[in-house]
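Peer 1: I have a structure I would like to understand better, so I am pasting it below and will then ask my questions one at a time.
The values are calculated or read from the model by the stated rules, or taken from the named source; none is laboratory data. Quantities reported herein were computed from a predicted structural model and do not represent experimental measurements. Neighbour counts are summed over all protein chains in view; Cβ atoms, including those assigned to glycine, are modelled from backbone coordinates with ideal geometry. These area figures cover heavy atoms from the full protein model, side chains too; ligands, DNA and RNA do not enter into them. Shrake-Rupley method; radii C 1.70, N 1.55, O 1.52, S 1.80 Å.
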Amino acid sequence: MPTIFKRNRFRSLLLACALCFSILFSGMVPAAARAEEEQEDPIGAFVTRAYTLILDREPEEEGFAFWKESIEKGERTAANLVNEFMTSEEFTARSLDQDQQMEIIYHVMFDREPDEAGMQYWLNYLDCGVSISAIINGFTHSEEFTALCEKYNIVAGEVTPIENRDLNLNVTAYVARAYRIFLDRKPETDGLNYWTGRIAKGEISAAEIVNNFVQSEEFRNKALSRDEELALVYLSMFDREIDDSGKEYWTGILNNGVSISYVINQIACLEEFSTLCGKYGMLPGAVELTAPRDKNYPLTAFLAQGFPILTNRSATAAELDNYVASAMNGSRKVEDLIKSIVSLEECSSYLSDNEAFIKALYRVTCGKEATDSQISSRLISLNNGITRYHIVSEIAKTDDYKNRLAEMGISNIISKPEKVIALTWDDGPNAPVTNRILDVLEQYGAHGTFFVVGNRCKTYRSCLIREINADCEIGNHTWDHTSLTRLSGDGIQSQMRQTDDVIFNITGIRPKVMRPVGGSYNDTVRRNVGKPMIIWSVDTNDWKYRNAQHVIDEVLSHARDGEIILMHDLYTTTADAVEVIVPELISRGYTLVTISELAEYKGIEMENGGAYFSMRG
C-alpha cells in the first residue's frame, strides 16, 4: 500500500517503556512463575495478559471466569477476546492515540515490540479510516499470532468485518485518498462506509469515485479554477503532478465544452490510471456520462468553437446540452443548431454587418475563410431580403460544410419521415396565387418547389425572396416557357443560363434542378440542361379544369410516398385546392418536402440530364 503518513516514533518508545513498567510493577508474577502458570493454565494466562496489556489492570474474578470458560467451550477465540477488549467502553475511555493502540496490538498478538515497517503499514490503514477491528483481523492471519495461540493452547480465530470500510482495506484506502485530495480532509465513518459499500456491491468503480467527489457539493463549493480542478484529477488518477503537455491537452478538451466528467472518463481508459487502480486491487471502470454534451464530443466541440465566433461569448453548459440533446434524439440537424445560434440577439448585434456575418459563418460551418465569390453571392441574398437563417440552409448544402462535419466526426443524422411527398408548381411566379400558396406552406411548416419562368422573375422578385425564406426550392423552368425539344444545344443553354442568372441576381442562389416545359425532353435536352430534369408522377391538370375540387381529388387519390405532384401557381383555383391539400396530407402522415429534400431522404444522387418522375425508393 502506498505510504500515506509518517509517524513520530517517540510516542512508541514512551509506550514501550510504559508497558515494561507495567510488567515490572503491576503485581504480575515473575517470568519463571509466569511460565509455570502458562503451562498449568495457558488459557487463563492468555486472558490475564489481555487484561493487563489492553485494559492495564488485573482481571476481576467474574470477568476472568467468563472469558476463560467461553474460550474453553469454543464460544470465543483469541481474536474475539482481543477485539472485544479493544472495542470496549473501558478501553475507549483510555483515549489512546493510534500509535499507542498499535503498540498494544503488537504486544498482545505478537508478544513483541512493533517493527518500524509493520507499524507504519498498519498505521497507514488506520489513517485511512478502517476500524481497529480490521487491524486486529489483519494480525490474525499471521504466522506469529498462530504460533502465539498454539503456545497458549487457544484457537486463533478471526474477526468478521461488520462495516463496509473493513471489507477491503485497500479499497478503503483508495476512497480515503479521494477524501484527502478533493475535500482536503479525512473521511467521516458514515461516508467511508457508504462509498466502500457501493464498491463492494459493484455499483461504482474507481473512476466513478473520482467523478462523484469532483461533482460533490462540498467540492464544488471550493470554487476552484479549471486548472486547479484538473491538477487534482491528475493527482488522484495518476498519483503525480500534472505535466505541461497534459495540462495543455486536457484544457483544450475542456475548452471544447465538455464537463470534467468527460475528462475523467477519458483518463480512466489510460494505462497509467489502470496501473494505479491495480495497486489498490480495483478495476478502473468508467464514468456514466449523463450530460448530453459529454455524449457527443465532436458535436459539442463544433458548437463550442463556433459559438464565440458568432456571438462573442462562450456557450453555457445548459445551451450546449440543449443543442446536443436535440441533435442526438434526431429532431434537429446540425444546421438547425447553427440557425438557433444565428437567431440569438447577441449574434445580430455582434455581427450586424452582413459581410462580417458571412465570413464568421463560413469559419464556423466550413472551417475556413469564405472566398470572394461566396461572399459576393451571399451578400446578394442578404441585401435582397434573404434571411440569415436561410443562408445557413444554403451553406449546409455545400460540400465544404459536409466535409467539415466529416472531418470532425460529426454524424448529421435526423429521423427520416415515414412518408414524404413533393408538391411542385410551374409557370410562376404570380404574386396573387404564389403568395397564397406560400401562406399555407408557412402556416403548416411545409416545403415545396417552384419551377419559375425566367422572364417573370423581375416582376415578381418578392415572391422569389419569400419562397427561399420559406425553405422552399426554386427550379429553372426556362426563360420564356419554350419547349426545349425545339431548340439547339446552344438555345437550350441560353434558356437555362438566362433564367439561372436572373434568379441568382435576385436571391444569390442558382437553381439545382429544372423542369422542361411540358415534361418534354430528348437527347439534346439531356446533354445541355446541365441539371437534373424533374418531371412528375401525378398531373393534376389544374391548368385544364381550373376546379379546386378536381385538383384536391387528384392529389389525395394518388398520394403515395415519394410522389412528385404537378400544379401551377397561376390559378386561384389551385391556391384554393392547396389550402385543403396541405393540411390533409399532413394529417395522413406525409411530410411535404422540396425536390432536393425528397432525393436526400430517398438516398438518390440526382444526375444532370437525368429524368425523375417520382422517387418512391
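Peer 1: Report ³J(HN,Hα) in whole Hz for each residue of the stretch 596-601, in order, from the Karplus equation J = 6.51 cos²θ - 1.76 cosθ + 1.60 where θ = phi - 60°; Gly and Pro get x.
Peer 2: Those phi angles translate into 5, 5, 4, 4, 5, 5 Hz.
Peer 1: If you take the square roots of the eigenvalues of the alpha-carbon gyration tensor of the chain and sort them as a ≥ b ≥ c, do you get rounded (a/c under 1.5), prolate (a/b over b/c) or oblate?
Peer 2: prolate
Peer 1: Got the relative contact order for the stretch 135-239 handy, in percent, Cα pairs under 8 Å and 6 or more residues apart?
Peer 2: It rounds to 22 percent for the stretch 135-239.
Peer 1: Largest first, what is the accessible-area ranking of L123, L487 with a 1.4 Å probe?
Peer 2: Accessible-area ranking of L123, L487, largest first: L487, L123.
Peer 1: If you don't mind, there's one more thing I want to ask. Taking all pairs of distinct Cα atoms, average 1/r, flip it, and tell me the Kirkwood hydrodynamic radius of the stretch 301-386 in Å to one decimal place.
Peer 2: This gives a value of 13.5 Å.
Peer 1: Suppose every K and R has +1 on its Cβ and every D and E has -1 on its Cβ; what is the size of the dipole of the stretch 335-483 about the Cα centre, in Debye to the nearest 20?
Peer 2: Computed charge dipole of the stretch 335-483: roughly 60 debye.
Peer 1: Something else now. Please name which of A315, G278, M328 has its Cα lying farthest along the dipole of the stretch 254-354 towards the positive end, using unit charges on Cβ (Lys, Arg +1; Asp, Glu -1) and the Cα centre as origin.
Peer 2: Toward the positive end, the furthest listed residue is G278.
Peer 1: Could you work out how far apart the two model spin labels at E144 and A325 are, taking each label as a point 7 Å from the Cα in the direction of the beta carbon, and quote it in nm?
Peer 2: Result for the modelled spin labels: 5.9 nm.
Peer 1: So what is the relative contact order of the stretch 281-366, in percent, for Cα pairs below 8 Å that sit 6 or more residues apart?
Peer 2: Relative contact order, the stretch 281-366: 32 percent.
Peer 1: Could you sort H447, H481 by accessible area so the largest value comes first, with the probe set to 1.4 Å?
Peer 2: Sorted descending by solvent-accessible area, the residues read H481, H447.
Peer 1: Same structure again: GluC sites (Glu not before Pro) within the stretch 350-447: which are DSSP loop residues with at most 12 other Cβ atoms inside 10 Å?
Peer 2: Passing both the DSSP loop test and the Cβ count: E369, E418.
Peer 1: With the full set of protein chains in place, find how many percent of the accessible area of the stretch 162-261 is carbon and sulfur; take the probe as 1.4 Å.
Peer 2: 45 percent
Peer 1: Follow-up. Once the Cα atoms of the stretch 77-129 are picked out, what are the Rg and Dmax in Å?
Peer 2: Spelled out, the Cα radius of gyration and Dmax of the stretch 77-129 are 11.3, 30 Å.
Peer 1: Order 74-87, 236-249, 581-594 from most to least packed using the mean count of other Cβ atoms within 10 Å.
Peer 2: Ranked from most to least packed, the peptides come out as 74-87, 581-594, 236-249.
Peer 1: How large is the convex hull of the C-alpha atoms of the stretch 257-309 per residue, in Å³?
Peer 2: 76 Å³
Peer 1: Where in the stretch 85-179 are there trypsin sites (Lys or Arg not before Pro) that are in a DSSP coil and have at most 15 other Cβ atoms within 10 angstrom of their Cβ?
Peer 2: R94, R112
Peer 1: Here's something else I'd like to know. Rounded to the nearest Å, what's the spacing between the alpha carbon centres of the stretch 172-250 and the stretch 484-516? Just the number, please.
Peer 2: Here the two parts' Cα centres lie 66 Å apart.
Peer 1: Additional query: Which whole-number value in Å² is the accessible area per residue of the chain, probe 1.4 Å?
Peer 2: 45 Å²
Peer 1: Can you classify the stretch 422-466 as rounded, prolate or oblate using the Cα gyration tensor, where a ≥ b ≥ c are the square roots of its eigenvalues, rounded means a/c under 1.5, and otherwise it's prolate if a/b beats b/c and oblate if not?
Peer 2: prolate
Peer 1: For the full complex of protein chains and a 1.4 angstrom probe, list H558, H141, H568, H550 by accessible area with the highest value first.
Peer 2: H141, H558, H550, H568
Peer 1: Output the relative contact order of the chain, whole-number percent, from Cα pairs under 8 angstrom with separation of 6+ residues.
Peer 2: Value for the chain: 9 percent.
Peer 1: Quick check on the stretch 559-609: take the gyration tensor over C-alpha atoms, sort the square-rooted eigenvalues as a ≥ b ≥ c, and tell me if it's rounded (a/c under 1.5), prolate or oblate.
Peer 2: Taking the square roots of the gyration eigenvalues as a ≥ b ≥ c, the stretch 559-609 is oblate.
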